[in-house]
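Worksheet: the structure to be examined is printed underneath.
The values are calculated or read from the model by the stated rules, or taken from the named source; none is laboratory data. If you're wondering where the values come from, they're calculated on a predicted model, not measured in any experiment. Here the Cβ is made from the backbone with ideal geometry for all residues, glycine too, and neighbour counts use every protein chain on show.
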Amino acid sequence: METQTLPQKAPASTGPRSPGRSRPAELWRAALASPFVVAIAGCLALAALSAAVLPTVPSYDPWSWIVWGREVFDPHLSFFVGGGPSWKPLPVIFTAFLGLFGGAAPTLWVIVARAGGLFGLVAAYRLSSRLIGGPRWAAVAGGVVAVAAILLTQDWFYYWFRGTSEPLLIGTSLWAIDRHLDGRRGTAFALGVATSLMRPEAWPFVGLYAIWLWFRDPLFRGPWMRALLVAGLVAIPFFWFVPPWVSTGQPLLAATHAQEYNGHLGSDPFVTVLHRGVDLQVLPALIAAVVAAVLAFFSRDRLTLALAGLAAAWWVVVVGMTLDGYPGLERFFLPAAAVTCVLAGVGVVRLAELAATGARRLAAGLPRAAVTAAVLVVLVAVSIPFTTSRIGAARAQEPTASKAVTRLDQLSAAAAAVGGHHGVFPCPSSFAAVNHSVQTALAWKLDVTLERVGTSMRNQGVMFVGPHDSIDGGAPRVDPRLTSVQLLAHVGVWRVYRMTTPGLDTSCVGR
(Lines give C-alpha, C1' and ligand atoms only; values in the text may rest on other atoms or scores of the structure.)
Protein backbone atom coordinates (compact mmCIF):
# COMPACT_ATOMS: atom_id res chain seq x y z
CA MET A 1 0.00 0.00 0.00
CA GLU A 2 1.49 3.27 -1.02
CA THR A 3 1.31 6.63 0.68
CA GLN A 4 -1.15 8.94 -1.02
CA THR A 5 0.39 12.02 -2.60
CA LEU A 6 -1.84 15.04 -2.97
CA PRO A 7 -2.07 16.59 -6.41
CA GLN A 8 -0.31 19.93 -6.63
CA LYS A 9 -2.23 22.97 -7.80
CA ALA A 10 -0.98 24.64 -10.91
CA PRO A 11 0.61 28.01 -10.18
CA ALA A 12 -1.44 31.07 -10.96
CA SER A 13 -0.68 32.64 -14.30
CA THR A 14 1.61 35.64 -14.17
CA GLY A 15 1.10 36.66 -17.78
CA PRO A 16 -0.94 39.66 -18.88
CA ARG A 17 -4.70 39.45 -18.48
CA SER A 18 -6.97 39.79 -21.44
CA PRO A 19 -8.44 43.30 -21.78
CA GLY A 20 -11.97 42.25 -20.83
CA ARG A 21 -11.02 40.40 -17.65
CA SER A 22 -10.70 42.31 -14.40
CA ARG A 23 -9.26 40.99 -11.15
CA PRO A 24 -12.65 41.07 -9.33
CA ALA A 25 -14.25 39.14 -12.17
CA GLU A 26 -11.52 36.50 -11.99
CA LEU A 27 -11.96 36.18 -8.24
CA TRP A 28 -15.73 35.88 -8.65
CA ARG A 29 -15.36 33.12 -11.24
CA ALA A 30 -12.83 31.32 -9.05
CA ALA A 31 -15.19 31.51 -6.07
CA LEU A 32 -18.08 30.10 -8.07
CA ALA A 33 -15.87 27.22 -9.19
CA SER A 34 -14.65 26.47 -5.65
CA PRO A 35 -15.99 23.19 -4.20
CA PHE A 36 -16.32 24.99 -0.88
CA VAL A 37 -18.65 27.66 -2.31
CA VAL A 38 -20.57 25.11 -4.39
CA ALA A 39 -21.05 22.97 -1.27
CA ILE A 40 -22.35 25.95 0.73
CA ALA A 41 -24.83 26.91 -1.98
CA GLY A 42 -26.05 23.37 -2.51
CA CYS A 43 -26.41 22.63 1.21
CA LEU A 44 -28.31 25.88 1.82
CA ALA A 45 -30.69 25.06 -1.03
CA LEU A 46 -31.33 21.55 0.30
CA ALA A 47 -31.74 22.84 3.85
CA ALA A 48 -34.28 25.43 2.70
CA LEU A 49 -36.15 22.68 0.86
CA SER A 50 -36.12 20.55 4.02
CA ALA A 51 -37.75 23.39 5.94
CA ALA A 52 -40.57 23.38 3.40
CA VAL A 53 -41.24 19.63 3.45
CA LEU A 54 -40.14 18.50 6.94
CA PRO A 55 -41.29 19.60 10.42
CA THR A 56 -39.06 22.50 11.40
CA VAL A 57 -38.75 23.69 14.98
CA PRO A 58 -35.71 24.46 17.17
CA SER A 59 -34.98 22.62 20.41
CA TYR A 60 -34.15 24.16 23.79
CA ASP A 61 -30.64 25.54 23.17
CA PRO A 62 -31.37 26.95 19.69
CA TRP A 63 -34.41 28.81 21.02
CA SER A 64 -32.14 30.51 23.55
CA TRP A 65 -29.71 31.58 20.81
CA ILE A 66 -32.63 32.96 18.81
CA VAL A 67 -33.87 34.89 21.85
CA TRP A 68 -30.39 36.30 22.52
CA GLY A 69 -29.93 37.16 18.87
CA ARG A 70 -33.15 39.18 18.88
CA GLU A 71 -32.00 41.06 21.96
CA VAL A 72 -28.86 42.31 20.18
CA PHE A 73 -30.80 44.63 17.87
CA ASP A 74 -34.18 45.00 19.60
CA PRO A 75 -34.22 48.37 21.46
CA HIS A 76 -37.13 47.21 23.64
CA LEU A 77 -35.24 44.28 25.13
CA SER A 78 -32.16 44.17 27.31
CA PHE A 79 -29.34 41.83 26.33
CA PHE A 80 -29.36 39.12 28.99
CA VAL A 81 -27.66 35.76 28.45
CA GLY A 82 -28.42 34.29 31.86
CA GLY A 83 -31.37 32.12 32.78
CA GLY A 84 -30.83 29.60 29.99
CA PRO A 85 -28.22 27.19 28.64
CA SER A 86 -24.51 27.86 28.37
CA TRP A 87 -23.38 30.74 26.16
CA LYS A 88 -22.18 29.72 22.68
CA PRO A 89 -20.94 32.60 20.47
CA LEU A 90 -21.17 31.43 16.85
CA PRO A 91 -24.88 30.57 16.82
CA VAL A 92 -25.72 33.94 18.41
CA ILE A 93 -23.65 35.75 15.78
CA PHE A 94 -25.92 34.13 13.19
CA THR A 95 -29.17 34.65 15.09
CA ALA A 96 -28.36 38.31 15.77
CA PHE A 97 -28.62 38.98 12.04
CA LEU A 98 -31.48 36.53 11.54
CA GLY A 99 -33.38 38.42 14.25
CA LEU A 100 -33.75 41.27 11.78
CA PHE A 101 -36.19 39.01 9.91
CA GLY A 102 -38.63 38.98 12.83
CA GLY A 103 -40.81 35.91 13.16
CA ALA A 104 -38.91 34.07 10.42
CA ALA A 105 -35.76 33.90 12.57
CA PRO A 106 -36.44 30.44 14.11
CA THR A 107 -36.99 28.81 10.73
CA LEU A 108 -34.01 30.62 9.19
CA TRP A 109 -31.74 29.43 11.99
CA VAL A 110 -32.85 25.81 11.53
CA ILE A 111 -32.08 26.17 7.81
CA VAL A 112 -28.58 27.43 8.64
CA ALA A 113 -27.99 24.61 11.13
CA ARG A 114 -29.27 21.96 8.73
CA ALA A 115 -27.12 23.35 5.93
CA GLY A 116 -24.15 23.03 8.28
CA GLY A 117 -25.02 19.38 8.85
CA LEU A 118 -25.19 18.64 5.13
CA PHE A 119 -21.98 20.63 4.71
CA GLY A 120 -20.26 18.21 7.08
CA LEU A 121 -21.43 15.20 5.06
CA VAL A 122 -19.91 16.66 1.89
CA ALA A 123 -16.62 17.24 3.70
CA ALA A 124 -16.61 13.69 5.08
CA TYR A 125 -17.10 12.29 1.60
CA ARG A 126 -14.35 14.46 0.13
CA LEU A 127 -11.82 13.67 2.85
CA SER A 128 -12.35 9.92 2.83
CA SER A 129 -12.21 9.83 -0.98
CA ARG A 130 -9.03 11.91 -0.90
CA LEU A 131 -7.32 9.58 1.57
CA ILE A 132 -8.20 6.49 -0.47
CA GLY A 133 -7.31 7.80 -3.91
CA GLY A 134 -6.84 4.85 -6.27
CA PRO A 135 -9.70 3.67 -8.46
CA ARG A 136 -12.66 6.00 -8.63
CA TRP A 137 -15.10 3.38 -7.39
CA ALA A 138 -12.96 2.73 -4.28
CA ALA A 139 -12.83 6.43 -3.44
CA VAL A 140 -16.60 6.69 -3.89
CA ALA A 141 -17.19 3.64 -1.69
CA GLY A 142 -15.00 5.06 1.08
CA GLY A 143 -16.76 8.42 0.89
CA VAL A 144 -20.18 6.79 1.12
CA VAL A 145 -19.10 4.74 4.15
CA ALA A 146 -17.81 7.91 5.85
CA VAL A 147 -21.10 9.72 5.25
CA ALA A 148 -23.12 6.76 6.52
CA ALA A 149 -20.95 6.55 9.64
CA ILE A 150 -21.56 10.22 10.45
CA LEU A 151 -25.30 9.81 9.93
CA LEU A 152 -25.17 6.98 12.47
CA THR A 153 -23.33 8.95 15.14
CA GLN A 154 -25.39 9.32 18.28
CA ASP A 155 -28.33 11.75 17.90
CA TRP A 156 -27.15 13.18 14.56
CA PHE A 157 -30.68 13.17 13.15
CA TYR A 158 -32.10 14.73 16.30
CA TYR A 159 -29.51 17.49 16.12
CA TRP A 160 -30.18 18.00 12.41
CA PHE A 161 -33.97 18.13 12.73
CA ARG A 162 -34.01 20.45 15.73
CA GLY A 163 -31.42 23.05 14.66
CA THR A 164 -28.66 22.43 17.18
CA SER A 165 -25.06 23.44 16.45
CA GLU A 166 -23.57 19.92 16.55
CA PRO A 167 -23.94 19.09 12.81
CA LEU A 168 -22.57 22.55 12.00
CA LEU A 169 -19.63 21.79 14.30
CA ILE A 170 -18.87 18.68 12.26
CA GLY A 171 -19.06 20.76 9.09
CA THR A 172 -16.63 23.47 10.20
CA SER A 173 -14.19 20.91 11.63
CA LEU A 174 -13.99 18.68 8.56
CA TRP A 175 -13.99 21.52 6.05
CA ALA A 176 -11.14 23.20 7.95
CA ILE A 177 -9.10 20.05 7.31
CA ASP A 178 -10.22 19.89 3.68
CA ARG A 179 -9.32 23.52 3.00
CA HIS A 180 -5.91 23.09 4.63
CA LEU A 181 -5.15 20.09 2.42
CA ASP A 182 -6.22 22.09 -0.63
CA GLY A 183 -3.82 24.86 0.30
CA ARG A 184 -6.61 27.31 1.24
CA ARG A 185 -5.05 28.08 4.59
CA GLY A 186 -6.89 31.36 5.18
CA THR A 187 -10.25 29.64 4.80
CA ALA A 188 -9.03 26.75 6.94
CA PHE A 189 -8.05 29.16 9.72
CA ALA A 190 -11.41 30.98 9.51
CA LEU A 191 -13.23 27.64 9.83
CA GLY A 192 -11.03 26.78 12.79
CA VAL A 193 -12.04 30.03 14.46
CA ALA A 194 -15.70 29.20 13.74
CA THR A 195 -15.19 25.80 15.37
CA SER A 196 -13.58 27.50 18.37
CA LEU A 197 -16.67 29.70 18.74
CA MET A 198 -18.72 26.54 19.29
CA ARG A 199 -16.39 24.29 21.29
CA PRO A 200 -13.60 25.45 23.64
CA GLU A 201 -11.80 22.15 23.03
CA ALA A 202 -10.79 23.58 19.64
CA TRP A 203 -8.85 26.50 21.14
CA PRO A 204 -5.45 24.78 21.49
CA PHE A 205 -5.67 23.34 17.97
CA VAL A 206 -6.45 26.72 16.41
CA GLY A 207 -3.74 28.39 18.47
CA LEU A 208 -1.10 25.90 17.31
CA TYR A 209 -2.32 26.21 13.73
CA ALA A 210 -2.02 30.01 13.92
CA ILE A 211 1.56 29.69 15.13
CA TRP A 212 2.35 27.33 12.25
CA LEU A 213 0.79 29.71 9.72
CA TRP A 214 2.72 32.65 11.16
CA PHE A 215 6.12 31.00 10.82
CA ARG A 216 5.69 28.52 7.97
CA ASP A 217 3.07 29.68 5.49
CA PRO A 218 4.26 32.34 2.99
CA LEU A 219 0.72 33.70 2.65
CA PHE A 220 0.84 34.91 6.26
CA ARG A 221 4.13 36.78 6.04
CA GLY A 222 2.53 40.02 4.92
CA PRO A 223 1.20 42.54 7.46
CA TRP A 224 -2.43 42.33 6.32
CA MET A 225 -2.68 38.55 6.57
CA ARG A 226 -0.92 38.56 9.92
CA ALA A 227 -3.36 41.21 11.09
CA LEU A 228 -6.22 38.91 10.05
CA LEU A 229 -4.55 36.05 11.90
CA VAL A 230 -4.34 38.10 15.07
CA ALA A 231 -7.93 39.32 14.62
CA GLY A 232 -9.15 35.73 14.37
CA LEU A 233 -7.31 34.73 17.54
CA VAL A 234 -8.61 37.79 19.42
CA ALA A 235 -12.17 37.09 18.24
CA ILE A 236 -12.25 33.79 20.13
CA PRO A 237 -11.88 35.15 23.70
CA PHE A 238 -13.75 38.32 22.76
CA PHE A 239 -16.95 36.56 21.72
CA TRP A 240 -16.75 33.96 24.49
CA PHE A 241 -16.14 36.36 27.37
CA VAL A 242 -17.18 39.92 26.48
CA PRO A 243 -20.92 39.45 25.71
CA PRO A 244 -21.59 37.53 28.97
CA TRP A 245 -19.52 40.13 30.83
CA VAL A 246 -21.52 43.00 29.35
CA SER A 247 -24.80 41.20 29.93
CA THR A 248 -24.37 39.66 33.37
CA GLY A 249 -21.06 40.94 34.72
CA GLN A 250 -19.65 37.39 34.55
CA PRO A 251 -17.11 36.92 31.72
CA LEU A 252 -16.69 33.22 32.58
CA LEU A 253 -20.42 32.51 32.58
CA ALA A 254 -20.16 29.72 29.96
CA ALA A 255 -17.44 27.92 31.93
CA THR A 256 -19.41 28.32 35.15
CA HIS A 257 -22.53 26.81 33.59
CA ALA A 258 -20.51 23.91 32.20
CA GLN A 259 -18.85 23.14 35.53
CA GLU A 260 -22.12 23.45 37.48
CA TYR A 261 -23.61 20.68 35.33
CA ASN A 262 -21.80 17.50 36.39
CA GLY A 263 -22.90 15.52 33.33
CA HIS A 264 -23.96 12.51 35.45
CA LEU A 265 -20.43 11.14 35.33
CA GLY A 266 -20.89 8.77 38.24
CA SER A 267 -18.19 7.63 40.63
CA ASP A 268 -15.48 7.31 37.95
CA PRO A 269 -15.57 10.25 35.51
CA PHE A 270 -12.54 8.95 33.60
CA VAL A 271 -14.16 5.64 32.69
CA THR A 272 -17.50 7.29 31.98
CA VAL A 273 -16.12 9.88 29.60
CA LEU A 274 -14.07 7.26 27.74
CA HIS A 275 -17.18 5.11 27.39
CA ARG A 276 -19.08 8.08 25.98
CA GLY A 277 -16.39 8.76 23.43
CA VAL A 278 -16.47 5.15 22.27
CA ASP A 279 -20.28 5.04 22.08
CA LEU A 280 -20.62 8.22 20.06
CA GLN A 281 -19.88 6.49 16.75
CA VAL A 282 -21.09 2.98 15.94
CA LEU A 283 -18.63 0.24 16.87
CA PRO A 284 -17.89 -0.91 13.28
CA ALA A 285 -16.86 2.64 12.37
CA LEU A 286 -14.49 2.84 15.32
CA ILE A 287 -12.94 -0.53 14.49
CA ALA A 288 -12.55 0.38 10.81
CA ALA A 289 -10.89 3.68 11.79
CA VAL A 290 -8.39 1.85 14.01
CA VAL A 291 -7.68 -0.54 11.13
CA ALA A 292 -7.06 2.45 8.84
CA ALA A 293 -4.60 3.93 11.34
CA VAL A 294 -2.74 0.63 11.80
CA LEU A 295 -2.46 0.03 8.06
CA ALA A 296 -1.37 3.64 7.56
CA PHE A 297 1.42 3.10 10.07
CA PHE A 298 2.83 0.14 8.14
CA SER A 299 2.37 1.82 4.77
CA ARG A 300 3.76 5.14 6.04
CA ASP A 301 0.63 6.99 4.99
CA ARG A 302 1.41 10.17 6.92
CA LEU A 303 -1.82 11.97 6.09
CA THR A 304 -4.05 9.22 7.44
CA LEU A 305 -1.83 8.94 10.52
CA ALA A 306 -2.02 12.70 11.02
CA LEU A 307 -5.82 12.62 11.03
CA ALA A 308 -5.82 9.70 13.46
CA GLY A 309 -3.48 11.67 15.70
CA LEU A 310 -5.74 14.71 15.46
CA ALA A 311 -8.74 12.66 16.60
CA ALA A 312 -6.71 11.17 19.46
CA ALA A 313 -5.52 14.63 20.53
CA TRP A 314 -9.13 15.88 20.66
CA TRP A 315 -9.95 12.93 22.93
CA VAL A 316 -7.09 13.91 25.23
CA VAL A 317 -8.42 17.48 25.49
CA VAL A 318 -12.01 16.38 26.19
CA VAL A 319 -10.94 13.84 28.81
CA GLY A 320 -8.60 16.35 30.44
CA MET A 321 -11.31 19.01 30.64
CA THR A 322 -13.73 16.43 32.08
CA LEU A 323 -11.30 15.53 34.82
CA ASP A 324 -10.98 19.26 35.49
CA GLY A 325 -14.70 19.52 36.19
CA TYR A 326 -16.46 19.79 32.82
CA PRO A 327 -19.44 17.51 32.12
CA GLY A 328 -17.80 15.39 29.41
CA LEU A 329 -20.92 14.90 27.29
CA GLU A 330 -20.88 12.68 24.20
CA ARG A 331 -21.33 15.60 21.83
CA PHE A 332 -18.06 17.15 23.03
CA PHE A 333 -16.29 14.37 21.09
CA LEU A 334 -18.09 15.10 17.81
CA PRO A 335 -15.18 16.61 15.82
CA ALA A 336 -13.04 13.60 16.75
CA ALA A 337 -15.92 11.26 15.93
CA ALA A 338 -16.32 12.92 12.53
CA VAL A 339 -12.63 12.31 11.74
CA THR A 340 -13.09 8.74 12.97
CA CYS A 341 -15.95 8.29 10.49
CA VAL A 342 -13.73 9.62 7.69
CA LEU A 343 -11.05 7.09 8.67
CA ALA A 344 -13.71 4.36 8.82
CA GLY A 345 -14.35 4.82 5.11
CA VAL A 346 -10.62 4.43 4.53
CA GLY A 347 -10.37 1.38 6.76
CA VAL A 348 -13.22 -0.49 5.08
CA VAL A 349 -11.74 0.03 1.61
CA ARG A 350 -8.22 -0.88 2.74
CA LEU A 351 -9.49 -4.10 4.33
CA ALA A 352 -11.32 -5.00 1.15
CA GLU A 353 -8.18 -4.32 -0.89
CA LEU A 354 -6.12 -6.55 1.40
CA ALA A 355 -8.69 -9.33 1.09
CA ALA A 356 -8.65 -9.00 -2.67
CA THR A 357 -4.85 -9.23 -2.69
CA GLY A 358 -4.97 -12.41 -0.59
CA ALA A 359 -7.67 -13.94 -2.78
CA ARG A 360 -5.64 -13.29 -5.92
CA ARG A 361 -2.67 -15.08 -4.38
CA LEU A 362 -4.85 -18.13 -3.84
CA ALA A 363 -6.52 -17.90 -7.24
CA ALA A 364 -4.63 -15.75 -9.69
CA GLY A 365 -7.48 -15.53 -12.18
CA LEU A 366 -9.88 -13.70 -9.84
CA PRO A 367 -10.64 -10.11 -10.90
CA ARG A 368 -9.30 -7.78 -8.23
CA ALA A 369 -12.06 -5.17 -8.50
CA ALA A 370 -14.83 -7.77 -8.22
CA VAL A 371 -13.26 -9.39 -5.15
CA THR A 372 -12.73 -6.01 -3.48
CA ALA A 373 -16.34 -5.02 -4.13
CA ALA A 374 -17.60 -8.33 -2.77
CA VAL A 375 -15.58 -7.93 0.42
CA LEU A 376 -16.89 -4.38 0.81
CA VAL A 377 -20.45 -5.67 0.62
CA VAL A 378 -19.69 -8.36 3.21
CA LEU A 379 -18.09 -5.84 5.60
CA VAL A 380 -21.07 -3.51 5.34
CA ALA A 381 -23.51 -6.41 5.83
CA VAL A 382 -21.65 -7.59 8.94
CA SER A 383 -21.89 -4.05 10.35
CA ILE A 384 -25.66 -3.72 9.96
CA PRO A 385 -26.65 -5.51 13.22
CA PHE A 386 -24.56 -2.94 15.13
CA THR A 387 -26.50 -0.04 13.60
CA THR A 388 -30.15 -1.05 14.01
CA SER A 389 -30.74 0.96 17.19
CA ARG A 390 -29.27 4.09 15.60
CA ILE A 391 -31.38 3.57 12.48
CA GLY A 392 -34.48 3.20 14.66
CA ALA A 393 -33.62 6.39 16.55
CA ALA A 394 -33.10 8.24 13.26
CA ARG A 395 -36.48 7.11 11.93
CA ALA A 396 -38.18 8.40 15.08
CA GLN A 397 -36.95 11.98 14.64
CA GLU A 398 -39.39 13.09 11.94
CA PRO A 399 -42.56 12.16 13.89
CA THR A 400 -41.01 13.55 17.09
CA ALA A 401 -40.23 16.85 15.39
CA SER A 402 -43.74 16.93 13.94
CA LYS A 403 -45.16 16.42 17.41
CA ALA A 404 -42.95 19.22 18.73
CA VAL A 405 -44.29 21.57 16.06
CA THR A 406 -47.86 20.79 17.12
CA ARG A 407 -46.99 21.14 20.79
CA LEU A 408 -45.39 24.57 20.34
CA ASP A 409 -48.22 25.76 18.10
CA GLN A 410 -50.58 24.89 20.94
CA LEU A 411 -48.32 26.75 23.38
CA SER A 412 -48.52 29.83 21.14
CA ALA A 413 -52.31 29.53 21.11
CA ALA A 414 -52.37 29.16 24.91
CA ALA A 415 -50.23 32.29 25.29
CA ALA A 416 -52.57 34.18 22.95
CA ALA A 417 -55.61 32.95 24.90
CA VAL A 418 -54.37 34.72 28.05
CA GLY A 419 -53.50 37.97 26.27
CA GLY A 420 -50.00 37.30 24.95
CA HIS A 421 -47.17 39.48 26.20
CA HIS A 422 -49.31 42.13 27.85
CA GLY A 423 -51.66 39.61 29.42
CA VAL A 424 -48.84 37.59 30.99
CA PHE A 425 -46.53 40.52 31.80
CA PRO A 426 -48.63 43.56 32.78
CA CYS A 427 -45.63 44.98 34.71
CA PRO A 428 -41.85 44.91 34.28
CA SER A 429 -41.70 42.67 37.36
CA SER A 430 -44.28 40.13 36.14
CA PHE A 431 -43.19 36.52 35.95
CA ALA A 432 -44.13 33.30 34.15
CA ALA A 433 -43.03 29.68 34.33
CA VAL A 434 -43.35 26.66 32.06
CA ASN A 435 -42.07 23.12 31.54
CA HIS A 436 -38.27 23.11 31.46
CA SER A 437 -37.64 22.13 27.84
CA VAL A 438 -39.85 24.85 26.35
CA GLN A 439 -38.74 27.72 28.59
CA THR A 440 -36.66 29.31 25.84
CA ALA A 441 -39.41 28.84 23.23
CA LEU A 442 -41.98 30.56 25.48
CA ALA A 443 -39.60 33.48 26.06
CA TRP A 444 -39.42 33.94 22.29
CA LYS A 445 -43.18 33.70 21.86
CA LEU A 446 -43.86 36.19 24.67
CA ASP A 447 -41.10 38.55 23.49
CA VAL A 448 -39.19 38.69 26.79
CA THR A 449 -35.72 37.79 28.06
CA LEU A 450 -35.10 34.37 29.60
CA GLU A 451 -35.00 35.82 33.11
CA ARG A 452 -38.74 36.59 32.83
CA VAL A 453 -39.65 32.93 32.17
CA GLY A 454 -38.65 30.35 34.73
CA THR A 455 -38.78 26.59 35.03
CA SER A 456 -40.08 26.77 38.58
CA MET A 457 -42.97 28.85 39.90
CA ARG A 458 -40.93 30.71 42.51
CA ASN A 459 -42.95 33.96 42.42
CA GLN A 460 -46.52 34.98 41.80
CA GLY A 461 -47.35 34.86 38.11
CA VAL A 462 -48.71 32.82 35.22
CA MET A 463 -47.81 29.16 34.90
CA PHE A 464 -48.01 27.11 31.68
CA VAL A 465 -48.19 23.36 32.27
CA GLY A 466 -47.87 20.72 29.56
CA PRO A 467 -47.15 16.98 29.51
CA HIS A 468 -43.98 15.72 31.14
CA ASP A 469 -42.19 14.13 28.20
CA SER A 470 -39.08 14.42 26.03
CA ILE A 471 -40.51 17.44 24.19
CA ASP A 472 -41.69 19.59 27.10
CA GLY A 473 -39.61 18.31 30.00
CA GLY A 474 -40.75 18.40 33.60
CA ALA A 475 -43.55 20.69 34.73
CA PRO A 476 -42.59 23.73 36.83
CA ARG A 477 -42.06 23.17 40.52
CA VAL A 478 -44.40 25.36 42.58
CA ASP A 479 -43.45 27.33 45.68
CA PRO A 480 -45.72 26.05 48.51
CA ARG A 481 -46.70 29.65 49.34
CA LEU A 482 -48.57 29.92 46.03
CA THR A 483 -51.80 28.40 47.29
CA SER A 484 -54.30 30.37 45.20
CA VAL A 485 -54.66 28.68 41.80
CA GLN A 486 -56.94 29.91 38.99
CA LEU A 487 -57.26 28.15 35.65
CA LEU A 488 -57.03 30.77 32.90
CA ALA A 489 -57.04 28.70 29.73
CA HIS A 490 -56.89 25.16 28.39
CA VAL A 491 -55.56 24.86 24.84
CA GLY A 492 -54.57 21.47 23.43
CA VAL A 493 -52.27 19.81 25.95
CA TRP A 494 -51.53 23.10 27.74
CA ARG A 495 -53.18 24.47 30.85
CA VAL A 496 -52.49 28.02 32.00
CA TYR A 497 -52.86 28.98 35.67
CA ARG A 498 -52.71 32.20 37.65
CA MET A 499 -50.64 31.47 40.76
CA THR A 500 -50.83 33.85 43.73
CA THR A 501 -50.34 34.01 47.48
CA PRO A 502 -53.34 35.20 49.55
CA GLY A 503 -52.74 38.57 51.17
CA LEU A 504 -50.03 39.71 48.73
CA ASP A 505 -50.41 42.41 46.08
CA THR A 506 -51.45 40.75 42.80
CA SER A 507 -51.70 43.87 40.59
CA CYS A 508 -48.65 42.77 38.54
CA VAL A 509 -49.75 39.17 38.14
CA GLY A 510 -51.01 38.31 34.66
CA ARG A 511 -54.64 37.56 34.16
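For beta carbons closer than 6 Å, sequence separation of 6+ or different chains, a first residue in segment 92-108 that is assigned by TED's automatic domain parsing to the domain that holds GLY163 and a second that is surrounded by fewer than 22 Cβ atoms within 10 Å (Cβ to Cβ) and among the acidic types (Asp, Glu), there are no qualifying pairs. Of the residues in segment 450-457, at least one is over 20 Å from PRO85 (Cβ atoms), touching a residue at least 24 places away in the same chain (Cβ under 8 Å) and part of a strand (DSSP E or B).
Here's the yes/no breakdown for (1) among the charged types (D, E, K, R); (2) closer than 29 Å to ASP301 by Cα:
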| residue | (1), (2) |
| --- | --- |
| LEU118 | no, yes |
| ARG126 | yes, yes |
| TRP137 | no, yes |
| SER165 | no, no |
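Of the numbered criteria (1) of a type in the set (Phe, Trp, Tyr); (2) exposed (fewer than 15 other Cβ atoms within 10 Å of the Cβ); (3) at pLDDT 95 or above, the one TRP245 fails is (3).
Only residues that are within 26 Å of the chain's Cα centre (by Cα) and of a type in the set (A, V, I, L, M, F, W, C) were counted across segment 397-444, and they come to 9. Scan segment 327-349 residue by residue and report those that are outside any helix (DSSP H, G or I) and either closer than 20 Å to LEU379 by Cβ or within 13 Å of the chain's Cα centre (by Cα) (or both). Selection gives nothing.
Scanning segment 190-202 for residues that are assigned to a helix (DSSP H, G or I) and in contact with a helix residue (DSSP H, G or I) (Cβ under 6 Å, 6 or more places away or on another chain), we see that the one that is farthest from GLY116 (Cα to Cα) is GLU201. The set of residues from segment 333-348 being of a type outside the set (Gly, Ala, Ser) and farther than 11 Å from ALA146 by Cα comprises PHE333, LEU334, PRO335. Checked against the criteria, VAL453 counts as within 32 Å of the chain's Cα centre (by Cα), among the β-branched types (Val, Ile, Thr) and either within 20 Å of HIS422 (Cβ to Cβ) or at pLDDT 95 or above (or both).
Picking from residues in segment 210-242 that are among the aromatic types (Phe, Trp, Tyr) and either surrounded by 16 or more Cβ atoms within 10 Å (Cβ to Cβ) or under 25 Å from SER78 (Cα atoms) (or both), the one that is modelled with the lowest pLDDT is PHE220. From the list LEU151, LEU131, LEU169, LEU174, the one residue that fits, being buried (at least 22 other Cβ atoms within 10 Å of the Cβ) and under 30 Å from ALA441 (Cβ atoms), is LEU169. Only one entry in VAL509, VAL491, VAL485 is under 23 Å from TYR60 (Cβ atoms) and outside the structural domain of TYR158 (by TED's automatic domain parsing), namely VAL491. I need the full set of residues from segment 189-201 which are crowded, with 20+ Cβ neighbours inside 10 Å, small (Gly, Ala, Ser) and either more than 13 Å from ILE170 (Cα to Cα) or touching a residue at least 60 places away in the same chain (Cβ under 8 Å) (or both), in order please. Listed by number, the list holds a single entry, ALA194. Summed over segment 406-423, residues that are in contact with a strand residue (DSSP E or B) (Cβ under 8 Å, 6 or more places away or on another chain) and within 13 Å of TRP444 (Cβ to Cβ) total 2.
For segment 373-390, a residue qualifies if it is under 14 Å from ALA344 (Cα atoms) and either under 29 Å from the mean Cα position of the chain (by Cα) or not hydrophobic (A, V, I, L, M, F, W, C) (or both), and the qualifying residues are VAL380, SER383. So which residues in segment 152-175 are assigned to a loop (DSSP other than H, G, I, E, B) and either free of Cβ contacts under 8 Å to residues at least 40 places away in the same chain or more than 18 Å from PRO399 (Cβ to Cβ) (or both)? Of everything in segment 152-175, those that are assigned to a loop (DSSP other than H, G, I, E, B) and either free of Cβ contacts under 8 Å to residues at least 40 places away in the same chain or more than 18 Å from PRO399 (Cβ to Cβ) (or both) turn out to be LEU152, THR153, GLN154, THR164, SER165.
Taken over segment 410-448, the residue count meeting the criterion of being of a type in the set (Val, Ile, Thr) and in a helix (DSSP H, G or I) is 3.
In summary, helices (runs of 4 or more DSSP H) completely within segment 15-97 and bearing 1 or more residues that are at pLDDT 95 or above and of a type outside the set (S, T, N, Q) occur at 35-53, 60-73.
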